[in-house]
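Visitor: I have a structure I would like to understand better, so I am pasting it below and will then ask my questions one at a time.
The numbers here are math on the coordinates, done by the rules we state, and not lab data. Everything numeric in this text was worked out from a predicted model, so none of it was measured. Cβ placement follows ideal geometry from the backbone for every residue including glycine, while neighbour counts extend to all protein chains displayed.
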Amino acid sequence: MWTGLIALVIVASHYPRWRLKRALAQPLSAAALAVLERDIPIYARMPAELKAQLQRLVIQFLHQKRFVACAGLELSDEMRVTIAGQACLLLLNRPTKVYPALHTILVYPTAFVVERNEVGPGGVVTHSAHGLLGESWGDGRVILAWDHVQRGALGWAQGHNVVLHEFAHQLDSESGVPNGAPFLGDLSSYRSWAAVLSRDYANLRYDATYRQHTVLDHYGANSPAEFFAVATETFFVQPQQMAQHHPDLFAELKKYYKVDPGAWLSAPALAVPDTHGAAV
């Protein structure tokens, strides 16, 4: 009896890994690859080895994460692949379990409202409602507005991408607290990271206060965590501008993410067929 129970426990413990291995053995469909090319404009310019990495990461993401449609949205495979592909850009060239704390992505058709109780001076509690385009929660959920996911894909070079932003928060949380310092490894990396990001964060706060134009969105001036998320967006969608105006910050993010999106943008583009609306 006990032998049988032990065998059952062993099989059950290995089953998730077996299912993942089986999923990874299957390539992405042609329709899914077309979605990556259409909704991640830099994908066509990436080296073949990085494309293969991204495809494998997307397969694992889709296998392990649950997508939930909200507010009447009809969730499609195109939506899943678009979100997974953009989220997994942040994981290239790095050993990763693919957002291990994340289990659910909630997708709304457009901006959603979150109600909160905020404690002000003297302990006064104020109830407020906020319209949001995306949010990363510490309980294993990310929430996204699909129309703004699309907007980030279609206007890639405009500097805003809600998926990159919210999944940067997920990486930030892996160090324990979302404070703008994700897990970096050795102590020397933290020294360099803190020096550069603290300085550029202070500069952005100054620019935001006096409404000075900057490559980085002023929203990043709200907190170190938001600064890291905004800087991540800019690193991937406007790398050449960041390298020009914030070279030290670009260098720190390049060390952390272990890729150089600027190199992809300087590579020749491949022709991308018009496959909009294809099933995945």
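Visitor: How much length is gained on full extension from Asp139 to Tyr219, taking 0.36 nm per residue of separation minus their Cα-Cα distance?
Guide: Computed gain between Asp139 and Tyr219 is 26.4 nm.
Visitor: Between Thr104 and Ala52, what is the FRET efficiency for a Förster distance of 25 Å, r being their Cβ-Cβ separation, to the nearest 0.05?
Guide: 0.35
Visitor: Could you give the C-alpha radius of gyration of the stretch 170-238 expressed as a fraction of 2.2 N^0.38 Å, taking N as the number of residues it contains?
Guide: Rounded to two decimals, the normalised Rg is 1.10.
Visitor: Ok, one more. Which stretch or stretches of the stretch 225-252 have amide N atoms under 19 Å from the point lying 7 Å from Ala263's Cα along the Cα→Cβ direction?
Guide: Within reach of a label on Ala263: 235-244, 247-252.
Visitor: Suppose R0 equals 22 Å; then what is the FRET efficiency for His63 and Ser175 from their Cβ-Cβ distance, rounded to the nearest 0.05?
Guide: That pair, His63 with Ser175, gives E of 0.30.
Visitor: Now for a different question. Report the gain in length on full extension from Thr96 to Arg151: 0.36 nm times residue separation, minus Cα-Cα distance, nm rounded to one decimal.
Guide: Contour length minus the Cα-Cα distance gives 17.0 nm.
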